[in-house]
1. Sum -39500 (n - 2.57) across every DSSP H segment of at least 4 residues in the chain, then divide by the residue count to get the 222 nm mean residue ellipticity, nearest 500.
2. State, as an integer percentage, the relative contact order of segment 15-131 based on alpha-carbon contacts under 8 Å between residues 6 or more apart.
3. Ranking request for peptides 42-52, 179-189: highest mean number of other beta-carbon atoms within 10 Å first, then the rest in descending order.
4. How would you order 97-107, 303-313 from highest to lowest mean count of nearby Cβ atoms within 10 Å?
5. Taking H placed 1.01 Å from N in the peptide plane, check which residues at least 5 places from GLU215 or on another chain put their amide H under 5 Å from its amide H.
6. Sort segment 27-150 into rounded, prolate or oblate with this rule: let a ≥ b ≥ c be the square roots of the eigenvalues of the Cα gyration tensor; rounded if a/c is under 1.5, and if a/c is not under 1.5, prolate when a/b is larger than b/c, oblate otherwise.
7. Please report the relative contact order for segment 136-218, taking Cα pairs under 8 Å with a sequence separation of at least 6, and give it as a percent rounded to a whole number.
8. How high is the FRET efficiency between THR388 and LYS109 when r is their beta carbon distance and R₀ equals 60 Å, given to the nearest 0.05?
Amino acid sequence: MNIENEEQFDKVKSVFKVQDDQDLKSSRFFDLEKLIKDALDYQQDSEKALTLITKWALSFWSSDIHYDILENDVQLRFRIDGNLANVFTLSKAQYKLILERLKYKSDLKLNITDVPQDWKYRINDTERKIDVRISTLPVKNWENVVCRILDSTNSIPLLSDLWFMWTSKRQIEKSIKKKNWMILVTWPTWSWKTTTLYSVLNELNISQKKIITLEDPIEYELPWVVQSEVNEKKWYTYTTWLKALLRQDPDIIMIWEIRDIETAQIAAQSSLTWHLVLSTLHTKSASETLERLINMWLPPYILSSSIDIIIAQRLVRKICPDCIEKVEADASQNEIIKWMMKDIWIEAVSKAKKSWFTLYRWAWCEKCLYSWYKWRIWIYEVLYFSDTIREMIREGTSPAEILKEARNQDLILMREDWVLKAMRWKTTIEELFKVID
Ligand SMILES: [Zn+2]
């Protein structure tokens, strides 16, 4: 097999068999079901049941708890690494107790069932406090509830532990030492984990500087940072809140999300007036971000002089460390990987190019809930605005041409970063073909 262009590559890449996701299952789901039903039916203790559900959801590293109303009962589900696991079903009588307790704890109106409500409750543990954001939705026959778990005492990873390629890491470190630029972190879909931004803020822990944030919601607590949370229930909008924040004399600002042209203008303006601005945007890649910025919002001269670095990222599943098994890639798999990595000249790849790549066999165990994957890892594409790139933006050069120039300055594409991580036991090529088309 000889691959010569992208079309051929697209045709042959199916030798990596992308399997459908397995249903997440665990014998521990039965244990939890028994505990919850005991607490509700015999002990009449809905507080205990709720605490148990929340803590067990955390023990399965879940991000959300769903209570979905079915015809005759209510399905409890946990979102784990992006997929939903059916944990067990509650009878409507059991759910009623949980729903009342949830609303009571979160200060929601018990008697209102026909409009959506949202707020949060806190579970205090001996070692940590866990905030849970609850949102209700009136549905056919009743009220659905989704709870998002925010474990604000989670420790924030160091920038060096986020698996950036060393060239990208060096550029990010340079960027955050500057005084008046904008650092944009982007990913395609709304995702609640913005660990990268928090890790950057962590690096910026400087007592002589005032750091202020506008968040929705606050995911980690940072003692040296003034953190504010958007509350659109009140009279103000996101933008008025942002303007109020700027009057607080900050040096470094983190804006949760660039939502519209107005937020974009305020963010760019702030970076031009000697603030370091961190923010996020929803796009698939660094070049798409450029395109979006050029086509939609900002005049080229402002864009070129406000942004310093774009970190495009994607959260992908990690291989379960408990059931991982190495295998040699077969001849066609080897050709496909060689094609994907043809532009990369780093030692590890060059060596592997001459021989065979090592891959990982599909397997599963109780610890990964029979899914092969456990936890997630970020994959990146980091675009640094060099003087040449700034000049090209000012001249109105197309994003494709700019990307070409960035490639000459060692920009690594997301799919290349992915393959590098797959070669280091972190994720799989199959996952890549499933997520990036
Ligand atoms: Zn496993």
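1. Taking each H run of at least 4 residues, the total per residue is -10000 deg cm²/dmol.
2. Relative contact order of segment 15-131: 18 percent.
3. Top to bottom by mean Cβ count within 10 Å: 179-189, 42-52.
4. Per-residue mean Cβ counts within 10 Å order the peptides as 303-313, 97-107.
5. Result for GLU215 returns SER228, GLU229, VAL230.
6. rounded
7. In percent, rounded to a whole number, it is 31.
8. 0.55
Any read-out appearing in this document is the output of simple, stated calculations on the displayed coordinates, not a laboratory observation. If you're wondering where the values come from, they're calculated on a predicted model, not measured in any experiment. Don't worry about glycine lacking a Cβ; one is built from the backbone with ideal geometry, like all the others, and counts go over all protein chains shown.
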